[in-house]
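Since every read-out is calculated from the coordinates, none of them should be taken as a lab result. On a predicted model such as this, the values are computed, not experimentally measured, just so you know. Positions of Cβ are backbone-derived with ideal geometry, glycine not excepted, and every protein chain shown enters the neighbour counts.
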Amino acid sequence: MRVLLIVAVTAVAAVPSAARAQSAQQSYIGFPPPIAPPDMANYCVFDSRIYSLGSGLCLGRTGYTCVPPTGPTTGNRAFWTGKDDQIFTRPQCQ
């Protein structure tokens, strides 16, 4: 009888810890890997996703392109622009 009671208590104690481990893993999903501050000049972020320079994005019928920083006015970070760029072309959104 004691063995059965010990097995039952152990099983009940193991379930919450497994559930906590699974929920911790699920909460991490959706977060991008960290970007070092010096590398922010090479990436744009949108909706918790990381895009490299030249990437295109359509929001509605407006196309945006990830372009390199133009200096301190952009915080020395890459940014999304809806204007045509000399190097990267804007996506055609329908």
Of 60-70, 38-48, ordering from highest average Cβ density within 10 Å down gives 60-70, 38-48
When the Cα atoms of region 37-81 are enclosed in a convex hull and the volume is divided per residue, what value in Å³ results?
-> 69 Å³
